[in-house]
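Before any comments, here is the structure.
The values are calculated or read from the model by the stated rules, or taken from the named source; none is laboratory data. All values derive from a computational prediction rather than experimental measurement. All Cβ positions, even for glycine, are placed from backbone atoms using ideal geometry, and neighbour counts span all protein chains on display.
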Amino acid sequence: MDEQGVRYLETLITNCVEEKRTVIAVHHDVSAVRRLDATVHVVNRRLVENGRHDQVLNTNGIERLFQHYSTSSQNQREVA
C-alpha cells in the first residue's frame, strides 16, 4: 500500500475509535500499530498475547512472542 493509502486508513481507524466503534484490523506493521495507540491481540493459530501496544510490542513482549521459534531452532540444532 502506498503512503497515501496508509494515511487514509490510519485516519479512518482513528475516527472510528474516537466514535467508540470497535475496529478489527489485521496489521503486520508494528510502527503503524504504535501510531494508532491500539490494543493488540497477537494471534498465531490461537491468542498468544493481548494488551496495550506498549505492553505487548516492547522488547520483553516481542521476546516472549517469538520465544517458541528460538526454542524450536535450538532443538533442531541439538538433534543435528
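Applying the set (1) assigned to a helix (DSSP H, G or I); (2) at pLDDT 85 or above to Gln67 leaves exactly one unmet item: (2). For segment 49-64, the set of residues classified as of a type outside the set (S, T, N, Q), surrounded by fewer than 14 Cβ atoms within 10 Å (Cβ to Cβ) and part of a strand (DSSP E or B) consists of Gly51, Arg52, listed by residue number. Filter segment 7-34 for residues that are assigned to a helix (DSSP H, G or I), of a type outside the set (Ser, Thr, Tyr) and surrounded by fewer than 14 Cβ atoms within 10 Å (Cβ to Cβ); which is nearest to the chain's Cα centre (by Cα)? The extreme case among them is Val30.
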